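Working notes, beginning with the structure itself.
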Amino acid sequence: MNQRIHIFDTTLRDGEQVPGCQLNTEEKVLVAKALEELGVDIIEAGFPVSSPGDFTSVVAVSKAVKDPVICALTRAVKGDIDCAVRALKYAKRKRIHTGIGSSDIHIQHKFKSTRHKVLEQGVAAVAYAKKFVEDVEFYAEDAGRADIFFLAEMIEEVIAAGATVVNIPDTTGYCLPHEYAEKIKFLVENVQGIHKAVISCHCHDDLGLSTANSIAGVINGARQIECTMNGIGERAGNTSLEEVVMILKSHKDLQFETGINTKKLFSTSNLVSRLMKLQVQPNKAIVGRNAFAHSSGIHQDGFLKNRDTYEIIDPADVGVDKSMIVLTARSGRAALRHRLQALGYSVNTNSINDIYTHFLAVADKVKQVEDIHLTEIMENVKVKMQ
Ligand code: KIV
Ligand code: ZN
């Protein structure tokens, strides 16, 4: 039987930390409703103590959304937790996400503290949050660079204090997949009481490894992935939701499943991109403009014979209408003929060579040949043929 992986969406919190891409409350509610439709399990709606606007947004999302758990971020500080409790008042299902740094770099330079003191502060925060909500997630910030024995001790103590989810962030995106995998495996094998909590992966993309690290995490025992639409977030961004979801769906051998309605991935990606005014790169996996576009002759020929030759995902599965054959100077006769036939021209073996010569001349000039160019080419060829 497949194991269920929980999708924790942090587009509205970590994702919204992209400079210049802040959303107003109305826009956040629109995104939250789209995420609910998409089927995410948890929506991290914001960091209520950070600003009155964020507080208001967490309240509004809590009122607007009913199925996913609504989560609010706090530092390991009583005032933050009190504020989160107020912001989550209307949430049908609520979670407080509290935590503190776990690496020596964070402990010494950011907190100017000691391992012992931050551990005590983390445990106290979980115990305090637990007075208000049953569902408390603890993040061990910069766990990616933390000493593994200290991390294990911290995770053991916060679980004993009542944490229901333990988040192991690779805050700086430093870990290699096998290192992140070993970290999760070590915690599974060495932390007493680990089975009382869900282990969560929260990876950043500074070295382009956030997706690989998250997948390595679930293979080794994590059951929640924290991610954002289009992979947006601080610096190089967070794990991309659409990527991890489609990896788990495509690799049936892994025997995982999520609750995501993948047919809504493309429209949700567009909504987030439009509202945040943040264009998706054309070659972005799953939701980029070119993710299902075939341009070279060899690929087009194979694809037209059988789509499985060059596509591992049916575009309809992620809500994209259909694959695209892009006609460029790298395209071959098979693709050209296919497009001409779709436009209603009957092209026989004798005429295709002549048409193809005209096509290449135009393609070299315009780079991408559109239907209007093909109509002109066919007009010219007709004139010449008469
Ligand atoms: O990257 C990180 O460590 C975070 C935590 C606040 C969860 O975003
Ligand atoms: Zn983060």
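The values are calculated or read from the model by the stated rules, or taken from the named source; none is laboratory data. Note that the structure is a prediction, hence the values are computed from the model and not measured. Note that each Cβ is placed from the backbone with ideal geometry, even for glycine, and that neighbours are counted across all protein chains shown. Side chains included, ligands, DNA and RNA excluded: accessible areas come from the protein's heavy atoms. Shrake-Rupley method; radii C 1.70, N 1.55, O 1.52, S 1.80 Å.
Side notes on the structure shown:
- Cross-link partners for Lys130 among the lysines, with Cα-Cα distance under 18 Å and sequence neighbours closer than 8 places in the same chain left out: Lys78, Lys89, Lys92, Lys94, Lys196.
- Where labels lie 7 Å past Cα in the beta-carbon direction, separation of Thr349 and Lys365 in nm: 3.2 nm
- Cross-link partners of Lys112 among aspartates and glutamates (Cα-Cα below 12 Å; sequence separation of 8 or more within a chain): Asp104
- Dimensionless Rg over Rh [the range 310-386; C-alpha; Kirkwood]: 1.03
- The residues of the chain expose on average 46 square angstrom of accessible surface per residue, using a 1.4 Å probe on protein heavy atoms.
- What a 1.4 Å probe finds exposed on the chain is 52% carbon and sulfur by accessible area, rounded to a whole percent.
- In terms of distances greater than 31 angstrom between alpha carbons, the cross-link table entries Lys110/Lys131; Lys28/Lys117; Lys33/Lys131 yield Lys28/Lys117.
- Potential extension, Gln3-Ala236 segment - 0.36 nm per residue separation minus Cα distance: 80.9 nm
- D by Stokes-Einstein for the range 16-72, Kirkwood Rh over Cα pairs, 4 °C, 1.567 mPa s: 115 µm²/s.
- Bridge type composition, the chain - antiparallel percent by DSSP, nearest 5: 5 percent
- Most fluctuating residue given options Ile355, Ile247, Ile199, as computed from a GNM of the chain linking Cα atoms under 10 Å: Ile355
- Computed from the C-alpha gyration tensor, the three semi-axes of the ellipsoid equivalent to the chain are 49, 21, 17 Å, from longest to shortest.
- Cross-link reach is defined here as a Cα-Cα straight distance under 28 Å, omitting same-chain residues fewer than 8 places apart; for Lys305 the lysines meeting it are Lys249, Lys252, Lys263, Lys284, Lys322, Lys367.
- Computed 3J(HN,Hα) for the range 287-303, one whole-Hz value per residue from the Karplus formula 6.51 cos²θ - 1.76 cosθ + 1.60 where θ = phi - 60°, is 10, x, 4, 9, 4, 10, 10, 10, 10, 7, x, 5, 5, 4, 4, x, 4, glycine and proline marked x.
- Dipole of the chain, positive direction: furthest Cα of Ala160, Leu23, Asn350, with charges on the beta-carbon: Asn350
- Cα centroid of the range 148-194 to Cα centroid of the range 266-283, whole Å: 33 Å
- Between the amide H of Gly101 and those of Glu141, distances stay under 5 Å, these residues lying 5 or more places away or on another chain, with hydrogens modeled in the peptide plane.
- With all protein chains modelled, accessible area of Ser273 [1.4 Å, Å²]: 20 Å²
- Solvent accessible area, Å² - Tyr356, 1.4 Å probe, full protein context: 30 Å²
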